[in-house]
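Engineer: Quick one: structure below, then a few questions.
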Amino acid sequence: MKDRKQAALQRLARLEGQVRGVIRMVEEDRYCVDILNQTLAVRSALAQVEILILQDHADECVEEAITSNDPEAQRQKFRELVGIFERVCR
């Protein structure tokens, strides 16, 4: 997780700057399409952070449940993943 954590933190720091930039653009009454292009970039960057966190969850938490031979822990982690995918697909 160390590498992914660092990558996620770096991306989040950039995202913070991007969001501040969007705020400035709105305050300055910038062209709507330019603002929308920036919000799309923010969403894309956030999706990349989500992928890093999901990869870590699969590699750490889900793998731990699978190797634990605990059927309830395995079901719980599986339900969590399904719940995330349900929200993503909406």
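Engineer: Using only alpha carbon positions, build the gyration tensor of the chain, then give the equivalent ellipsoid semi-axes as the square roots of 5 times its eigenvalues, largest first, whole angstrom. Show your work: numbers first, answer last.
Structural biologist: Values: eigenvalues 257, 46, 10 Å².
That gives 36, 15, 7 Å for the three semi-axes.
Engineer: Related question: Expected output is a single nm value to one decimal: the length gained when fully extending between residue 90 and residue 6, i.e. 0.36 nm times separation in residues minus the C-alpha distance. What is it?
Structural biologist: Details: separation 84, 0.36 × 84 = 30.24 nm, distance 2.91 nm.
Using 0.36 nm per residue and subtracting the Cα-Cα distance, I get 27.3 nm.
Engineer: Next up: Let me know the charge dipole size of the stretch 2-88 about its Cα centre in debye, to the nearest 20, where only the beta-carbon of Lys, Arg (+1) and Asp, Glu (-1) is charged. Working shown, then result.
Structural biologist: Numbers: 13 positive and 16 negative charges, 50 e Å.
Result for the stretch 2-88 is approximately 240 debye, rounded to the nearest 20.
Engineer: What distance in nm separates the simple spin-label points at residue 26 and residue 61, each placed 7 Å from Cα in the Cβ direction?
Structural biologist: 3.0 nm
Engineer: Have a look at 23, 61, 51 and report the one farthest towards the positive end of the charge dipole of the chain, computed about the Cα centre with Cβ charges (Lys/Arg +1, Asp/Glu -1).
Structural biologist: 23
Values in this text are rule-based calculations from the coordinates and carry no lab data. All values reported here derive from a predicted model rather than from experimental measurement. No Cβ is skipped: glycine too gets one built from the backbone with ideal geometry, and neighbour counts run over all protein chains shown.
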